[in-house]
Amino acid sequence: MYGISIFDKTKIQLDWAIIYYGINNDILSIDIAQEFACRKLEHDEQMVEEELELSWSSNERLDVLELLERILDIQGNVEESLKNAKDKIRIAIIIYLRETEKDIVKLLEQMDMIYADFGYPVDMEKFISYMPIDENYIPSQSTIKERRNYLISKLDNFINEQLEKYQLKE
């Protein structure tokens, strides 16, 4: 499970929908809810009672999810927020792993797992090790290292597209 640091590193704006989706789907650690609530307190942001309650303690998963559901109901537009949350978590994880995992073999293995964990999104196919390669690339004329570098270049292209999509480029 991932913590709040993946969002700090990627500059993806964390919100309650992302936290709810992540905890509910066992992607994010339960502690993220309390950390996010505490950060809101530190920045003197206006908070509802449920957010304040999350800042005290959040050990029971079902209690945290119930509080998060109430927060999302108050905020409204729940379906759209949750749809975007799934994508933002996936992108944050991919960017975080790309920046932190130095072993290319392990990185590509992790991308394969993320691809499966998130329901085989079409936009990831170009850098998944077991998926068919672009027509212009002939794997039989490449070494294993060149093939890995090719997949990493596709991964980097994907990340750049997502940074533009979510306006995260500096």
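The values are calculated or read from the model by the stated rules, or taken from the named source; none is laboratory data. In this text the structure is predicted, and so the values were computed from the model without any measurement. Cβ atoms come from the backbone with ideal geometry, glycine included; neighbour counts cover every protein chain shown.
Just one of the numbered conditions (1) under 21 Å from Glu161 (Cα atoms); (2) surrounded by fewer than 18 Cβ atoms within 10 Å (Cβ to Cβ) is not true of Lys88; which one?
Condition not satisfied by Lys88: (2).
Kindly list, by first and then second residue, each pair from a residue in region 115-126 that is within 18 Å of Tyr21 (Cα to Cα) to a residue that is aromatic (Phe, Trp, Tyr) and surrounded by 12 or more Cβ atoms within 10 Å (Cβ to Cβ), limited to pairs with Cβ atoms under 8 Å and residues at least 6 apart or on different chains.
If the second residue must be aromatic (Phe, Trp, Tyr) and surrounded by 12 or more Cβ atoms within 10 Å (Cβ to Cβ), the pairs left are Pro121/Tyr115.
Among the residues that make up region 148-158, is at least one of them touching a residue at least 60 places away in the same chain (Cβ under 8 Å), in a helix (DSSP H, G or I) and either of a type in the set (A, V, I, L, M, F, W, C) or on the phi > 0 side of the Ramachandran plot (or both)?
yes
Of all residues in region 126-141 being modelled with pLDDT of 75 or more and outside any loop (DSSP other than H, G, I, E, B), which is nearest to Ile104 (Cα to Cα)?
Ranking the qualifying residues of region 126-141, first place goes to Phe127.
Given the conditions (1) touching a Lys or Arg at 6+ places or on another chain (Cβ under 9 Å); (2) closer than 19 Å to Leu97 by Cα; (3) surrounded by fewer than 21 Cβ atoms within 10 Å (Cβ to Cβ), and given that Phe7 satisfies all but one, which numbered condition is not satisfied?
If we test Phe7 against (1) touching a Lys or Arg at 6+ places or on another chain (Cβ under 9 Å); (2) closer than 19 Å to Leu97 by Cα; (3) surrounded by fewer than 21 Cβ atoms within 10 Å (Cβ to Cβ), just (3) comes out false.
Go through Glu49, Glu66, Glu79, Glu42 for me and flag whichever is closer than 22 Å to Gly119 by Cβ, free of Cβ contacts under 8 Å to residues at least 12 places away in the same chain and surrounded by fewer than 22 Cβ atoms within 10 Å (Cβ to Cβ).
Glu79
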